[in-house]
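The values are calculated or read from the model by the stated rules, or taken from the named source; none is laboratory data. Small disclaimer: the values here were computed from a predicted structure and weren't measured. Cβ sites come from the backbone with ideal geometry, for glycine too, and all protein chains shown count toward neighbours. Accessible surface is based on the protein model in full, side chains and every heavy atom, while ligands, DNA and RNA are left aside. Shrake-Rupley method; radii C 1.70, N 1.55, O 1.52, S 1.80 Å.
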Amino acid sequence: MLGSLAAGFVGTAAGFGTASDGVDEGQMARMLRLGSTAAAAALAVQICIFERAGKGSKELEKNTDKDLIFREEEGKTLLVPLRPKSSKELKKYTVEEVAKHNTRESIWIIVDDLVYDLTRYIDKHPGGPLMIENMAGKDCTDVFANYHSARVYKQMLPPMLIGQATNVTVPPHVQDFRAIRQELLRRGLFETDMRFYAKMAAWLVSLFFLALYLSVGCTSTSSHMAGAAVMGLFWQQLAGIGHDMGHSGITHHFHFDHAFCSSLVGFMGISVCWWKRNHNTHHIVCNSIEHDPDIQHLPALAVSPEIIKKPFFSTYYKEIKALDAVARFMVSYEHILFYPIMMVARFNLYAQSLIQLFAKEPLHYRKLELCSFAIYFTWVTALVLSLPTWKETFGWLLVSHAVSGLLHVQICCSHFSMDLYHGHAYNDASDEWYITQLKTTMNFDTPPMFDWVHIGLQFQIEHHLFPRLPRHNLREARRLVREVCAKHQIHYHEPGFFQANWETLKCLWNTAKAARLTKKGDSGFYESILWDGLTLTAEFKGASASSAVSPLNAAGGETRARVARMPGKSP
C-alpha cells in the first residue's frame, strides 16, 4: 500500500495547490478537499499501525486422515468428511458413462469420485446455468472445490448423489496442486484480513473526494482534467473491490457480498449481475473459442486467426460469431485500434450491464442494481453538465474513461496471447483444471510496492486456480504454485506488465495479418482460407472432434502450443 499512500498524498497536495485558482473556495469544495485529506490521513495511520496483510489468523494441525479434508466456510477453515455418507449402496459408473450425460436434459458430474445428477438443479444455480452446462459430464472435483463452501458439500450435494465413479485417476501434479489448497486452508489464508480492506476503503474515499474536488471545486480546465483522471483511477481501483466481492472473496457470504457490491454500482457503474454471469463463465471455460465471452469480441477484436477462420456459435451470446465486412476492417487494424478501444471500452460495459439487467432471466438484486445505476448516471451527468464548456464536458468523459481503461488492458493482457482451444477442456491429465488455467492465463511480474496498481490482476494464475482466495494472500499462493510448476516442469508464464502488453500486440498483429488474407466463403462471411498453411497444427483436445489441447511433453513438462499461432519461445 506504499504506492497508494504516495499517490494519495500527491493527489491531496495537488488539491491544495489548485485550491480555488484565485477565487474564494466554496463550502462544498472545502468539504471535498478536507474529506480527501482526512481519508488520506486515515490511510497513512493504518499503514503505520497495521502490519501488511497476508497472514492467516490461525494455523491448524496437518490433516493425516484420508477420510477428512479441509474446506472453507465463510472464510474459516473446517476439517470435514471428504465424502457424504450414504445409507444405500451406490451404483457404479465409469468416467465414460458419466461423460455421456452432458446436455441440459441430463447433466451428471463427478466430485470426489462420486456421481451427481444436477439436471433439476441447473436453473437454480446461483452462478447461473452456463457454469453447469459447461462442466456437464466432467470430473468437477477441483472446479467445485474452488467455487463452493463446506455448506454446499454438506447440504446441497447429497440429495443429488446417484452413484460412484470407478475409474477416476488423479495425476501427480493434480495431487500437488490439491495439496497447495489444503495448505492454504490449514494456514487460514482463505480468511480475509479486514485491515487490508480498511486501507482500501480509505484509499478509495480519498480518490473519490479528490476527483470531485478537482472536477467541481476548482475552476481551471487543467484541474477539471486532473479530476477526470483521478476519477478514472477511482473506477479502476473500485473495480478491484467489485471483482473481490463478485467472487465472495471478502466476507465470503454470497448474498452479503453480492448485495453490498450491487449497491456500489452507484459509484462504479458496472452491473454485478452481468459481471458474475460473464466472469464466472470465463473462469470455467477460459479461452475456449466457442464458450468464453472474454475472447469473443467481434466485430472489434479477434485474439487468434482461429477465431476468424470459420463462423462459430457462441454459447454465451447465443449467436453466430463471424467475420463480416465491418469486422474484417476492424480486425485488420486491431493492433493499432487496441488501446483506443480500451479507452472507451467502459461505455460498452454500461450497455452490456443494462442489457443483462433488462433481460428476462432470473437475477439476484436486479432492482437494487437498477436503482444504483440511476444514482450513478445522475451524479455523473450532473458533474459533467456543471463544467463550463462542452469541450470540457466531453474532455472529462474521455479522460476519465480512458484512465479507467487500464482495467480493460490488464484483463485483456492476462489472456489474449495465451493458449486457446475449441470446445471444452477437462478431458484428461493434459487439460484438467490446473493445467488449463496455467495454459490460458498469465501473471504480471510486479514488485510488491506496486500491487495496489494491479488490484490483484497481477496474480491471475493464482486467482484462476483459487478464485475465493482473498487478494492479499495471492502472493503467497504464487510462491507455492511456482514450486509445483517447477517440480513438474509445467510452464508458468509471468512477464512484466509492459512485456505482456507487447505479447498482446503481437498476437493482435498476427490475427490482423490473417484477417487481411480472408476471402468470402460459402457462409457469406470472410474466412481464413490461406492462413491455414501458415499456422501451427498443435491444438487443444476438447469435447468435439475439432477440439484439441496441447499435451504434456515426454519429460513431464508442457508445450506452450497455441491454436493457430506460435506464441514465442518458452523460457
Looking only at residues that are in contact with an Asp or Glu (Cβ under 8 Å, 6 or more places away or on another chain) and among the aliphatic types (A, V, I, L, M) in the stretch 127-160, which one is least open to solvent (accessible area, probe 1.4 Å)?
ALA150
Given (1) in contact (Cβ under 8 Å) with a residue 40 or more places away in the chain; (2) not in a helix (DSSP H, G or I); (3) not charged (D, E, K, R), number of the condition PHE196 does not satisfy:
(2)
Taking the stretch 382-397, which residues are exposed (fewer than 15 other Cβ atoms within 10 Å of the Cβ) and within 30 Å of LEU457 (Cβ to Cβ)?
PHE394
Counting only residues that are over 23 Å from the mean Cα position of the chain (by Cα) and charged (D, E, K, R), which one in the stretch 334-386 is nearest to TRP509 (Cα to Cα)?
LYS360
I'm trying to understand the selection: among the residues of the stretch 461-507, which are among the basic types (Lys, Arg) and touching a His at 6+ places or on another chain (Cβ under 7 Å)?
ARG468
Whichever residue in the stretch 174-202 is open to solvent by less than 50 Å² (accessible area, probe 1.4 Å) and of a type in the set (S, T, N, Q) and, among such residues, is nearest to PHE234 (Cα to Cα):
THR192
Residues being closer than 29 Å to HIS424 by Cβ and in a helix (DSSP H, G or I): count how many of those fall in the stretch 308-340.
8
Looking only at the stretch 274-285, and only at residues there that are hydrophobic (A, V, I, L, M, F, W, C) and open to solvent by 10 Å² or more (accessible area, probe 1.4 Å), the one that is farthest from TYR434 (Cα to Cα)
TRP274
Can you tell me which residues in the stretch 415-472 are in a helix (DSSP H, G or I), under 23 Å from MET135 (Cα atoms) and among the basic types (Lys, Arg)?
LYS439
Quick one: which of GLY232, GLY249 is in a loop (DSSP other than H, G, I, E, B) and open to solvent by less than 20 Å² (accessible area, probe 1.4 Å)?
GLY249
With the requirement that a residue be more than 20 Å from the chain's Cα centre (by Cα) and not in a helix (DSSP H, G or I), what does the stretch 387-410 give you?
LEU387, PRO388, THR389
Checking ASP113 against (1) surrounded by 21 or more Cβ atoms within 10 Å (Cβ to Cβ); (2) in contact with an Asp or Glu (Cβ under 9 Å, 6 or more places away or on another chain), which test does it fail?
(1)
Cβ-Cβ under 8 Å, sequence separation 6+ or interchain: first residue in the stretch 470-492 and closer than 29 Å to GLU74 by Cβ and open to solvent by 40 Å² or more (accessible area, probe 1.4 Å), partner in a helix (DSSP H, G or I) and β-branched (Val, Ile, Thr). Which pairs?
ARG478/ILE461
Where the second residue is open to solvent by 10 Å² or more (accessible area, probe 1.4 Å) and aliphatic (A, V, I, L, M) and the first is farther than 22 Å from GLU105 by Cα and lies in the stretch 131-150, which pairs have Cβ atoms under 6 Å and are six or more apart or on separate chains?
ALA150/LEU78; ALA150/VAL80
What are the pairs with Cβ atoms under 7 angstrom where one residue, in the stretch 320-341, is within 19 Å of ILE295 (Cβ to Cβ) and open to solvent by 70 Å² or more (accessible area, probe 1.4 Å) and the other, located anywhere, is hydrophobic (A, V, I, L, M, F, W, C) and not in a helix (DSSP H, G or I)? Sequence gap at least six, or different chains.
ILE320/PHE313
Among LYS58, LYS62, LYS91, which is the only one that is in contact with a helix residue (DSSP H, G or I) (Cβ under 7 Å, 6 or more places away or on another chain), modelled with pLDDT of 65 or more and open to solvent by 70 Å² or more (accessible area, probe 1.4 Å)?
LYS62
Checking LEU368 against (1) without any contact (Cβ under 8 Å) to a residue 12 or more places away in the chain; (2) farther than 20 Å from TRP502 by Cα: exactly one of these is not met. Which one?
(1)
Just for the stretch 205-221: of the residues that are part of a loop (DSSP other than H, G, I, E, B) and open to solvent by 20 Å² or more (accessible area, probe 1.4 Å), which one is modelled with the highest pLDDT?
SER220
Hey, among the residues in the stretch 356-376 that are in a helix (DSSP H, G or I) and open to solvent by 70 Å² or more (accessible area, probe 1.4 Å), which one's farthest from PHE338 (Cα to Cα)?
LYS367
Pairs where the first residue, in the stretch 257-270, is among the acidic types (Asp, Glu) and the second is surrounded by 20 or more Cβ atoms within 10 Å (Cβ to Cβ), C-beta under 7 Å, 6+ apart
ASP257/MET245; ASP257/SER248; ASP257/ILE250
Subset of the stretch 362-391 [out of contact with any Phe, Trp or Tyr (no Cβ under 9 Å at 6 or more places or on another chain) and within 15 Å of LEU212 (Cβ to Cβ)]
THR378, VAL380, THR381, ALA382, LEU385, SER386
Leading residue by the ranking (surrounded by the fewest Cβ atoms within 10 Å (Cβ to Cβ)) among those in the stretch 67-81 that are in contact (Cβ under 8 Å) with a residue 24 or more places away in the chain and of a type in the set (A, V, I, L, M, F, W, C)
VAL80
So PRO84, is it closer than 27 Å to HIS424 by Cα, open to solvent by 20 Å² or more (accessible area, probe 1.4 Å), touching a helix residue (DSSP H, G or I) at 6+ places or on another chain (Cβ under 8 Å) and outside any helix (DSSP H, G or I):
no
Suppose we keep only residues that are basic (Lys, Arg) and part of a loop (DSSP other than H, G, I, E, B) within the stretch 87-111. Which one would you say is farthest from the chain's Cα centre (by Cα)?
LYS88
